Each structure stands twice: as C-alpha cells, then as structure tokens.
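Q: Can you read through this structure? Questions will come right after.
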Amino acid sequence: MNDRADGIILKEMDYREHDVMITVLSEQYGKIAFTVSGARKMSSRNKGSVLPYTKAEFEFDYKPHRTLFHLKRARTLKLYRPLHEDLTLSSAAAVLIGTADALTLSGEEDDDPKAKLQLLEQALDLLAEKEPCDLVIACYLSEMMQLFGVGAEVDACVHCGKPEAVVFSSDEGGFLCHECAGSQEPMTKEELMRMRRIVRGGITHYSQVRQLVTPSPQDAFLLHEMLVRHAGIRIGAYQLYRKLNRYA
Ligand SMILES: [Zn+2]
C-alpha cells in the first residue's frame, strides 16, 4: 500500500472526461502508466505534476504484473522549465523522450529501468543547461541504442573487422573499411572521429565528448537512420526537430 516511484513523464493523454493517463519511466518499476483523476480540471492538485518532461515522485498501490495504476498523489521533483519555454529545446526534449519511450519495455520486462532513467535525466539536464541539442541527441541516441542491443560498431569495419574506417554506414550499422565501402563516398577524418567519440562516450561521458567534438546535425541523423534500418523504429519527434532547425 502507498508505494512510491520516482520517474519522468514520457506522455500524457486524455482519458475519459476529466482524467488523463500518463506514461512514466520509473526507476523502481520500469515503464508504467497512471490514470490521474480530474487532472484536466484547473483545480486539481495533481495538475502541475502530470506534465511531460517532468520528474516527479508518484504515490500509488503497486500490484505485480500490472502496468496501469491509479495515481494517488504526485510531487514534482524537477520541472525542466527551460524545456517548456523554448520551442527548439522543447522539440529536442521530445526527441529524447520519444527515444526513451521507444527503446524501453513495459513494466518488469525491462531489465534495467534505473540506468535508462538516469540516462534520460542526464540528457534532459544537459538540454536545460543549454548544451548543443545536436550533440546531446546524438550521444543519447547512441547510448540508448547500445542498451537496446543495436549499438553502432565504431572500433573496426563492421563487415570484415579490419581496424580501418572510411565511412559510417547506417545500413550496415557502423564503420566500413575502404574495401567494404565500395563506391560509397568516404567521410572526412573529422566526421569519422566525431562519430567514434560520440558512440564510445555517449551521454555517460558527455563532458569528455563535448571537449573534443564540434557538434553537427549529421551524427544524430546517421544514428537515427541506423535505428530505422536495424530496429524498425522511427522517432516521430525527430522529424519535427529537423524541420524546426531547417535541417530537412
Ligand atoms: Zn571491411
């Protein structure tokens, strides 16, 4: 009775007349959903605590093997105000949130929700601190793809294992050597080095990556393409982010 979970709200949707349903990536129970009574009424005490991109503590009665619960109370821990006030930041946050949602499993099926929540929180913190969105997204995508089992190969040619790279191939899922790249146009040394540092460092070692890398929209683009080809997952919010930044 009265179980508690800390988590970040991924989605909010209308549910019945005055209620909403929120999806939360929680530290203790993985990805779960709550129905929130009266959250659409202005007077509701839960109103402020059910906004997407918010970290909160949720109080509810946990029952094993279920993923939908009724929310009793929520207490906001982090509001991420800058992410709600700036359109570009908000669209970048939506990419992180969309990735977290797509690459975590529901409830107990996910084996490491704590690590995933930490990564998401770290990435949202970086956006709120006005770190370059392109680099934060690339580092986050890359590390989440590794956790999901579709990480990019940047140590050697993904085909033949030769420790040489001339191009990063989204189709093949990593670096290709001169021979295996065939007629594909080679990338510059800087582009290859950037991708290697992003994939090796991820969000966990973001500060080191940031010192060595000049952010470019290309990295997140190649990693997202790889996610589409290798996992069949397309992050809808990423298209909007590219449009807003006039990349597409
Ligand atoms: Zn090769």
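The values are calculated or read from the model by the stated rules, or taken from the named source; none is laboratory data. All of these numbers come straight from a predicted model, not from anything done at the bench. Cβ: placed from backbone, ideal geometry, glycine included. Neighbour counts: every protein chain shown.
Q: Say we look at segment 1-24 and pick out the residues that are at pLDDT 90 or above and in contact with a Ser or Thr (Cβ under 6 Å, 6 or more places away or on another chain); which of these is farthest from Ile235 (Cα to Cα)?
A: Result: Ala5.
Q: Separate question: Can you tell me which residues in segment 125-183 are more than 15 Å from Phe221 (Cα to Cα) and among the hydroxyl-bearing types (Ser, Thr, Tyr)?
A: If the condition is that a residue be more than 15 Å from Phe221 (Cα to Cα) and among the hydroxyl-bearing types (Ser, Thr, Tyr), then Ser183 is the only one that fits.
Q: Among the charged types (D, E, K, R) and within 16 Å of the ligand (Cβ to nearest atom): which single residue out of Glu164, Glu131 fits that description?
A: Unique residue meeting the criteria: Glu164.
Q: Restricting attention to segment 165-184, report how many residues are outside any helix (DSSP H, G or I) and either buried (at least 17 other Cβ atoms within 10 Å of the Cβ) or at pLDDT 95 or above (or both).
A: Of the residues in segment 165-184, 13 are outside any helix (DSSP H, G or I) and either buried (at least 17 other Cβ atoms within 10 Å of the Cβ) or at pLDDT 95 or above (or both).
Q: Hey, another quick one. Taking segment 89-119, which residues are of a type outside the set (A, V, I, L, M, F, W, C) and part of a helix (DSSP H, G or I)?
A: The first filter runs over segment 89-119 and keeps only residues of a type outside the set (A, V, I, L, M, F, W, C), leaving 90-91, 98-99, 101, 104, 106-114, 116, 118.
If the condition is that a residue be of a type outside the set (A, V, I, L, M, F, W, C) and part of a helix (DSSP H, G or I), then Ser90, Ser91, Gly98, Thr99, Asp101, Gly107, Glu108, Glu109, Pro113, Lys114, Lys116, Gln118 are the ones that fit.
Q: Going by what's in this entry, would Gly107 be described as away from the ligand (no atom under 16 Å from the Cβ), of a type in the set (Gly, Ala, Ser) and in contact with a Gly (Cβ under 8 Å, 6 or more places away or on another chain)?
A: Here the answer is yes, as Gly107 does meet what is asked.
Q: Say we look at segment 62-88 and pick out the residues that are outside any helix (DSSP H, G or I) and of a type in the set (Lys, Arg); which of these is surrounded by the fewest Cβ atoms within 10 Å (Cβ to Cβ)?
A: Per the criteria, the residue is Lys63.
Q: Something else: Pick from segment 97-133 the residues that are acidic (Asp, Glu), surrounded by fewer than 14 Cβ atoms within 10 Å (Cβ to Cβ) and touching a helix residue (DSSP H, G or I) at 6+ places or on another chain (Cβ under 9 Å): which of them is modelled with the lowest pLDDT? It would help to see each step written out before you state the result.
A: First pass over segment 97-133, keeping only residues acidic (Asp, Glu): 101, 108-112, 121, 125, 129, 131.
Now narrow it down to the ones that are surrounded by fewer than 14 Cβ atoms within 10 Å (Cβ to Cβ): 109, 111-112, 129.
The next check asks that each one be touching a helix residue (DSSP H, G or I) at 6+ places or on another chain (Cβ under 9 Å); those that pass are 112, 129.
Working: Asp112: 88, Glu129: 96.
Filtering first and then ranking leaves Asp112.
Q: A further question follows. Within segment 167-195, can you find the residues that are among the charged types (D, E, K, R), within 16 Å of the ligand (Cβ to nearest atom) and within 25 Å of the chain's Cα centre (by Cα)?
A: Asp171, Glu172 - these are the residues of segment 167-195 that are among the charged types (D, E, K, R), within 16 Å of the ligand (Cβ to nearest atom) and within 25 Å of the chain's Cα centre (by Cα).
Q: Right, next: What pairs come out if I take residues in segment 204-229 that are over 13 Å from Gly173 (Cα atoms) and pair them with residues that are modelled with pLDDT under 95 whose C-beta lies under 6 Å away, six or more apart or interchain?
A: Pro217/Tyr247
Q: Considering only residues of segment 139-161 that are aliphatic (A, V, I, L, M), part of a helix (DSSP H, G or I) and under 18 Å from Arg234 (Cβ atoms), which is farthest from the ligand (Cβ to nearest atom)?
A: Met144
Q: Let me ask you something else. Looking at (1) surrounded by 15 or more Cβ atoms within 10 Å (Cβ to Cβ); (2) at positive phi; (3) within 16 Å of the ligand (Cβ to nearest atom), which one does Gly202 not meet, given that it meets all the others?
A: Here Gly202 clears every test but (3).
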